[in-house]
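This report concerns only the one structure given below.
The values are calculated or read from the model by the stated rules, or taken from the named source; none is laboratory data. Fair warning: this is a prediction, and the values are worked out from it, not measured in the lab. In this analysis, Cβ positions are derived from the backbone assuming ideal geometry, glycine residues included, and neighbour counts consider all displayed protein chains. Accessible surface is based on the protein model in full, side chains and every heavy atom, while ligands, DNA and RNA are left aside. Shrake-Rupley method; radii C 1.70, N 1.55, O 1.52, S 1.80 Å.
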Amino acid sequence: MVAEQLRGRGIADDRVLEAMEAVPRDQFIEQGLRHRAYADEAVPIDAGQTISQPYMVARMTELLDPRPGDRILEIGTGSGYQAAILAWLGADVTTIERHAGLARSARERLDALGLGDRVDIRVADGSLGDPAGAPYDGIVVTAAAPAIPVELRDQLADGGRLVIPVGPREQQVLMLATRHGDDWIETPHGACVFVPLIGPGGFSDDEWM
């Protein structure tokens, strides 16, 4: 996975590659699908969600560029895999999940791997972020939004980075927004397809149907 899917496709940050090798991806996937854990694909999890393909997790992490001690907000805990990668890299992660069952399973997995003390999992609508906890050094959104929510940009610290897929249902563009004072520089980083971000900062259930 690391040699072919990640390094071979341009992931160059050695810290990210080390984290992807160290964190056992198969532990975040249900038993019956674990044979697909290291394949170059997203894998279904409960509640109609997915664990993103390894390349996308690595790419989003590389763009976010987390450093030890950084405060990171993740929107969409899912299986807990992205939070585990960030925690392994030394970040302090607050992650928000709409589905209580997913949050509970993610907590069990993170605790079992000894990463739970770096991850605060909350059950809530995270589509507008966590203004009470701002500013964050980085924000990563693991679901697609129609546009970058202003509320999320405003929750970045100066120099902070926001990574989010933006676009319609069929296909999105992975966007990086970097804050410089009162200005944000937004750059695209390739096509992607994610499940929707549901809530005021994303899509309504009706819009996505």
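In summary, Leu174 fulfils each of the numbered conditions (1) within 26 Å of Pro44 (Cβ to Cβ); (2) more than 15 Å from the chain's Cα centre (by Cα); (3) in contact (Cβ under 8 Å) with a residue 40 or more places away in the chain with the single exception of condition (2).
Per-residue answers, yes or no, for (1) outside any strand (DSSP E or B); (2) under 27 Å from Glu41 (Cα atoms):
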residue	(1), (2)
Ser105	yes, yes
Glu108	yes, yes
Ile121	no, yes
Ala147	yes, yes
Leu152	yes, no
Pro168	yes, yes
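Just to be sure before I move on: is Asp120 modelled with pLDDT of 95 or more, open to solvent by 60 Å² or more (accessible area, probe 1.4 Å) and within 20 Å of Ile96 (Cα to Cα) in the structure I sent? Judged against the criteria, Asp120 is a match. The requirement of being charged (D, E, K, R), modelled with pLDDT of 95 or more and in contact with a Lys or Arg (Cβ under 7 Å, 6 or more places away or on another chain) is not satisfied by Asp40. Of everything in region 177-195, what is surrounded by fewer than 18 Cβ atoms within 10 Å (Cβ to Cβ) and either touching a residue at least 24 places away in the same chain (Cβ under 8 Å) or within 15 Å of the chain's Cα centre (by Cα) (or both)? Give them in sequence order. Those that are surrounded by fewer than 18 Cβ atoms within 10 Å (Cβ to Cβ) and either touching a residue at least 24 places away in the same chain (Cβ under 8 Å) or within 15 Å of the chain's Cα centre (by Cα) (or both): Trp184, Glu186, His189, Gly190, Val193. Report yes if some residue within region 124-147 is farther than 26 Å from His180 by Cβ and either without any contact (Cβ under 8 Å) to a residue 40 or more places away in the chain or among the polar types (S, T, N, Q) (or both); otherwise report no. Within region 124-147 (the criterion being farther than 26 Å from His180 by Cβ and either without any contact (Cβ under 8 Å) to a residue 40 or more places away in the chain or among the polar types (S, T, N, Q) (or both)), the answer is yes, since at least one residue qualifies. If we scan region 126-137, do we find a residue that is at negative phi, in contact with a Phe, Trp or Tyr (Cβ under 9 Å, 6 or more places away or on another chain), open to solvent by 60 Å² or more (accessible area, probe 1.4 Å) and not in a strand (DSSP E or B)? No, because not a single residue in region 126-137 is at negative phi, in contact with a Phe, Trp or Tyr (Cβ under 9 Å, 6 or more places away or on another chain), open to solvent by 60 Å² or more (accessible area, probe 1.4 Å) and not in a strand (DSSP E or B).
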